[in-house]
Amino acid sequence: MTDSIFYKTALEVGACLERGEVSAVELTQAVIDRTAAVDASVGAFNSINAEDALAQAQDSDKRRSSGQCLGPLDGIPVSLKDVIAVKNSPLTCSSKMLQHYVSPYDAHVTEKLKAAGAVLWGRLNMDEFAMGSSTENSCTAKTANPWNLECVPGGSSGGSAAAVAGGETVLALGSDTGGSIRQPASFCGIVGMKPTYGMVSRYGLAAFASSLDQIGPMTRSVGDAALLLQTIAGHDQRDSTSLQRPVPDYLKALREPEKKAWRIGIPQEYFAEGLDDEVKVAVKRAIEFYREQGCEITSVSLPNTELAVPVYYVIATAEASSNLARYDGVLYSHRSQAATNINEVYFKSRAEGFGPEVKRRVILGTYVLSSGYYDAYYLRAQKVRALIRNDFVAAFKQVDVLLTPTAPTPAFKSGEKTADPLAMYLSDIYTISVNLAGLPGISIPCGMSDSGLPIGLQLIGRPFGESDLLTLAQQFECAHDYAEQHPLLNL
Amino acid sequence: MSVEKIDIDYVANLARIELTADEKIQFSAQLDHVLGHFAKLNAVDIAGVEPMAHAVPVVNVWAADEAGEVLSPEEALQNAVEGEANQVVLPKVIGES
């Protein structure tokens, strides 16, 4: 077992497990030790249970030694964002509202991971109820970017990105409503993928904005993202938006990549004002790489891009105001001790249980749905959403995938944007259109800034174009060494 | 749609959230700023455009009328703030203003 086993990919450690070079218990102990060494500084986890993880690993080793291995994930630690239910584990959504909540059931993705023999390890920090772009809206812990502890890890799946980047787990799941997997992946120098809406069941994912939320993989390599997506995708009748489609063999698509002259579209609107120079240079270098590989590079237009932020914040907050109405202090969420009647239970429990960003968004969402404003804001936003989707439909008539920056800048400093919600919202500008249109998107590392912070590029595909994205992402990854670069974290 | 100012007391009441005086001042200013950004949507020609609620067509899902696995009363109530005899206890509802 090498010292840096905690930085190997799942496919690498899976091969080590298969050859008997390492046991699941040793591997799990390695990430537990790594977490003990660095998490006081990184703060990726809301809670951990080492004893439980080691017991799962022991079970995995027993299965393997008796010839009953459950597949390539058997014995590999996987950590979940604290918004995905695991039976008898805390599910806090990084909110005081659910501080003491213990989930009575498994999410669909959790069932899939358990059936694959994965070792479920810890609960990962996030922005409260997945609302934010920096993980600074968590009520539980402060998560730092492992590449520079003064910077944010991105959000809302900041704990997932930091844990994967810092070697505190092998694989992680995040959720992405407006970029919450891809933006932190970009900030922390890892791979993050949002699948096509409907490919992964949302059953057991605490809802933020139901028409936009998707669960997806956050990993140290493109191959690992394929492996994890393969495991969690597929139809589930408990989610009415889960699609009845066969899941393609993503790993086969990587082993036997489709040989064709890929047509890559570059949306001009994504390279306009506001894009950091270093990010622009890194992404343009990636475009040149693909051109040299024989891809056809075409300039395309997504003319409604600048409307995506307002459309998103109308629709997402409207859906959130409805979804979060359930946290009323009555059944299972925080209840104010100061309440003396039922109205005070509602008003005071929500005042004490929600943090400032959640309150702002619930109020904004309530406003855009309220009598007299519904048509002006919500209905109008739904119509403009259709125009944004139509832009993509037109672009995909010319090209196979789109290539863009994932975020306008590398990771920013903690506290830099907390006082200005609109500035924070605008940091999602390149990712939210993908959610509005329901498309798949992947962020992969494509460079480092002069100050040593990772830069990510985003590939956007047609609906169900995950194999295309993974194929092109792997082509880039294999020709560069970003997947082998890890933060030093010399603590 | 003109640029509106949010009536924070009215909307916070609809949202059932008690706000402090400081929160009211802070949120009003921040949300007015965000609403100003939303005004961009005013200029868009949306004549004849159908609203889009979901990225994929959503169809009704039918399930067979069969009993499946459900949570036991104990499991369902394990997170209840206050419970008694498999029920959730709340302050008196009737008779309060």
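The values are calculated or read from the model by the stated rules, or taken from the named source; none is laboratory data. Worth saying up front: this structure is predicted, and the values here are computed from it rather than measured. Positions of Cβ are backbone-derived with ideal geometry, glycine not excepted, and every protein chain shown enters the neighbour counts. What goes into the accessible areas is simple: the full protein's heavy atoms, side chains included, and nothing from ligands, DNA or RNA. Shrake-Rupley method; radii C 1.70, N 1.55, O 1.52, S 1.80 Å.
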Residue separation between A:N343 and A:S65 times 0.36 nm, minus their alpha-carbon distance, gives in nm 94.2 nm
Expressed as a percent, the portion of alpha-carbon pairs in the protein assembly as shown spaced more than 38 Å apart is 27 percent
Rounded to 0.05, the calculated FRET efficiency for the beta carbons of A:E296 and A:V247 at R₀ = 35 Å is 0.75
Flagged as over-length at 21 Å C-alpha distance, from A:K359/B:K5; A:K383/B:K40; A:K259/A:K280, the pairs are A:K259/A:K280
The answer for GluC sites (Glu not before Pro) in the stretch A:1-93 that fall in a DSSP coil and have at most 13 neighbouring Cβ atoms within 10 Å is A:E21
So, with points 7 Å from each Cα along the Cβ direction, the A:L331-A:A423 label distance in nm works out to 4.0 nm
Once all protein chains are kept in place, A:S89 shows an accessible area at probe 1.4 Å, nearest 10 Å², of 30 Å²
Taking the alpha-carbon centre of each part, the distance from the stretch A:433-454 to the stretch A:257-317 in Å is 10 Å
Between the alpha carbon centres of the stretch A:3-18 and the stretch B:41-72 the gap in Å comes to 41 Å
Mean separation of Cα contacts under 8 Å (at least 6 apart) over the residue count of chain A, i.e. the relative contact order in percent, is 17 percent
Among beta bridges assigned by DSSP with both residues in the protein assembly as shown, the antiparallel ones amount in percent, to the nearest 5, to 70 percent
Heavy-atom accessible area of A:H100, protein chains in place, probe 1.4 angstrom, given in Å² to nearest 10, is 150 Å²
Rg/Rh over Cα atoms for the stretch B:3-42, Kirkwood Rh, comes to 1.02
note: the stretch A:312-372, Cα-Cα separations exceeding 14 Å make up a percent value of 56 percent
Set A:K81/A:K114; A:K87/A:K348; A:K142/A:K417, cut-off 24 Å on Cα-Cα distance; pairs above it are A:K87/A:K348
Expected integer from the mean partner chain Cβ neighbour count at 10 Å over B:5-17 is 6
Taking a ≥ b ≥ c as the square roots of the eigenvalues of the Cα gyration tensor, with a/c under 1.5 meaning rounded and otherwise prolate when a/b exceeds b/c and oblate if not, the stretch A:120-168 is oblate
With a Förster distance of 60 angstrom and the Cβ-Cβ distance between B:N60 and A:R255, calculated FRET efficiency to the nearest 0.05 equals 0.95
Over all Cα pairs of chain B, the Kirkwood radius sets Rh, and Rg/Rh then becomes 1.15
Note on the stretch A:343-375: residues buried by at least 50 Å² of accessible area once partner chains are added (vs chain on its own, 1.4 Å probe) come out as A:F347, A:K359, A:R360, A:I363, A:L364, A:T366, A:Y367
Here, the stretch A:191-260 modelled as identical Cα point scatterers in vacuum has Debye log10 I(q)/I(0) at q = 0.14, 0.19, 0.27, 0.29 Å⁻¹ of -0.45, -0.78, -1.24, -1.33
Quick calc, the protein assembly as shown, dipole around Cα centre from Cβ unit charges on Lys, Arg (+) and Asp, Glu (-), nearest 20 debye, gives 740 debye
Expressed per residue, the solvent accessible area of chain A in Å² (1.4 Å probe) is about 33 Å²
Interface residues of the stretch A:377-409, defined as losing at least 20 Å² of accessible area versus the chain alone with a 1.4 Å probe, are A:Y377, A:R380, A:Q382, A:K383, A:V384, A:R385, A:A386, A:L387, A:R389
Of every hundred units of 1.4 Å-probe accessible area on the stretch A:88-177, the number belonging to carbon and sulfur atoms, as a percent, is 50 percent
Rounded to the angstrom and largest first, Cα extents along the principal axes for the stretch B:52-97 equal 44, 33, 19
By accessible area (1.4 Å), largest first, B:W62, A:W121, A:W147 order as B:W62, A:W147, A:W121
The A/B contact buries a total accessible area, at probe radius 1.4 Å and rounded to the nearest 100 Å², of 5600 Å²
Computed over chain B: longest principal axis from alpha-carbon atoms vs helix B:21-38 long axis, angle to nearest 10 degrees, is 60 degrees
